[in-house]
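Data first, discussion second: the structure below is written as structure tokens.
None of the figures in this text is laboratory data; all of them are computed from the coordinates on show. Model, not experiment: these values are computed from the prediction. Every residue, glycine among them, receives a Cβ derived from its backbone with ideal geometry; neighbour counts consider all protein chains shown.
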Amino acid sequence: MGKLVVNLGERSYSLLIEKGILDQVGEKIRDIYNGKKLVIVTDEHVNKHYGNKIAENLKQCQYEVHRIVLPPGEETKSFQMLTEIYNQFLDCKLTRSDLIVALGGGVIGDLAGFAASTYLRGVPYVQIPTSLLSQVDSSVGGKVAVDLARGKNLVGSFYHPKLVLIDPNVLDTLEDRFFWDGMAEVIKYGCIKDVALFNELKGYQTKAQIMENIEQIIYRCCEIKKDIVEKDERDTGERMLLNFGHTLGHAIETFYQYKKYTHGEAVAIGMVEICKRAEEKGLTASSMVEEIKELVTQYHLPYRLELADITPVLDTIQLDKKNINNVLNVILLKHLGQSYIYETTIDFFKS
């Protein structure tokens, strides 16, 4: 079993990465929670595959188990759905001594985590990520949020889970499109911090080859993220590097109302497009665009925004959380595996 500990003093927690660990979910949760009541927050797709299995496992450990099942998709990560979750928490008589289990991908992790951080001013929670994207990225680090109509993750908080349980076996039921969606975040980690990982990804030709090595891939991504989070928990410095490709990617998602591109697809476009502009300005190595474009194409991801006028997309970037005092912090690459924060303005994208 791969184990990592995010060392944040009294807020420290473990990440456990192991195929089949969902069969031990009750005993793993018992290690960090001695209460009686649990509320699972999940979505319809994940519930169909794993809801009953997880609930029964927890019941066998003598927990009182409640379940909240939400519609799938980014549209669910809204204030309207948050109100529904709060009401169901009240129906379950959830207290601050109970536990919330976020069982799902990035949307459920973000939404359930934000609900946990705000209901009764904070209820402990556990992350059980079921998408590749959430396993390598969003379940780690304590960022929880909901979307507004005008932008993604504009309302949120830092609220760490008590435990993260990662079972790569759940990826067997993940649609191919969302598997490749998660690989965009893996590529990001190679770009910003680990050229060896980037080169390793170039060597995999099939999904089966990736799955043979998926535990160490997930472990390496989580290791990079936990090291960064430990140095910069509140996202004021080095943690911004994790947003490589995301400034434009989030704007693309918002512009298309989360319907045309998945998060990873939008990030893939964002990584290539920002390198293209950085190359034009002499701010990155001249090979970056082609190298990243080749890899995202290999992983069935888009690299180009097919839009004649990107002005409406750029309008959304004005609301980016890294836009501080009209200075926009964008993440660029010196070379593969070497990233840095570059202070600029929205004009950076207007080429």
When DSSP beta bridges are limited to those with both residues in the chain, what percentage is antiparallel, rounded to the nearest 5? 45 percent
Degrees separating the helix 79-91 axis from the principal Cα axis of the chain, which is the longest one: 10 degrees
Using a Förster distance of 56 angstrom, determine the FRET efficiency expected from the C-beta separation of GLU64 and THR311, and round it to 0.05. 0.55
Counting other beta carbons within 10 Å of each Cβ, put GLU185, GLU44 in order, fewest first. GLU44, GLU185
Go ahead and estimate [θ] at 222 nm for the chain from helices alone: -39,500 (n - 2.57) per DSSP H run with n ≥ 4, summed, over the residue count, rounded to 500. -12000 deg cm²/dmol
Which cross-chain or sequence-distant (5 or more) residues have an amide H under 5 Å from the amide H of LEU163, H modelled 1.01 Å from N in plane? GLN127
Specify whether the C-alpha gyration tensor of region 2-173 places it in the rounded, prolate or oblate class, a ≥ b ≥ c being the square roots of the eigenvalues: rounded for a/c under 1.5, otherwise prolate if a/b is larger than b/c and oblate if not. rounded
DSSP bridge orientation in region 2-173 - percent antiparallel, rounded to nearest 5: 30 percent
On full extension of the chain, what length is gained from ASN87 through ARG150, given 0.36 nm per residue of separation minus the C-alpha to C-alpha distance? 20.1 nm
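Going down the list LYS3/LYS188; LYS37/LYS77; LYS19/LYS53, which pairs span over 20 Å between their C-alpha atoms?
Beyond 20 Å between Cα atoms: LYS3/LYS188; LYS37/LYS77.
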Listed values (i) 137; (ii) 122; (iii) 159, entry calculated as volume of the Cα convex hull per residue in Å³: (ii)
Separation in nanometres of the label points that stand 7 Å from Cα toward Cβ, at ILE346 and HIS49: 3.9 nm
Sites matching trypsin sites (Lys or Arg not before Pro) across region 194-250 that sit in DSSP coil, with at most 13 neighbouring C-beta atoms within 10 Å: ARG234
Just rank GLU343, GLU75, GLU223, fewest to most, by other beta-carbon atoms within 10 angstrom. GLU343, GLU75, GLU223
Leaving out same-chain residues fewer than 8 places away, which aspartates and glutamates sit with a Cα under 13 Å from that of LYS193? GLU185, GLU223, ASP227, GLU238
If the chain between ALA196 and THR297 were fully stretched, how many nm would it gain, using 0.36 nm times the residue separation less the Cα-Cα distance? 34.5 nm
Can you compute the label reach from PHE158? Point 7 Å from Cα along the Cβ direction, backbone N cut-off under 13 Å, restricted to region 222-243. 228-240
How far is helix 176-193 tilted off the main Cα axis of the chain, in degrees rounded to 10, range 0 to 90? 60 degrees
For the chain, take the longest principal axis of its alpha carbons; what is the angle in degrees between that and the long axis of helix 246-255, to the nearest 10 within 0 to 90? 80 degrees
Amide H partners (placed H, <5 Å) of ARG67, local residues excluded: ILE40
Quick one: order TYR219, TYR340 by neighbouring beta-carbon count within 10 Å, fewest to most. TYR340, TYR219
Partner lysines whose C-alpha sits under 19 Å from that of LYS281, ignoring same-chain residues fewer than 8 away, are LYS293, LYS334, LYS350
The local net charge around ASP167, scoring Lys/Arg +1 and Asp/Glu -1 for residues other than ASP167 whose Cβ lies under 15 Å from its Cβ, equals -1
Which FRET efficiency value, to the nearest 0.05, do you get for PHE79 and LYS334 by plugging their Cβ-Cβ distance into 1/(1 + (r/R0)^6) with R0 = 41 Å? 0.55
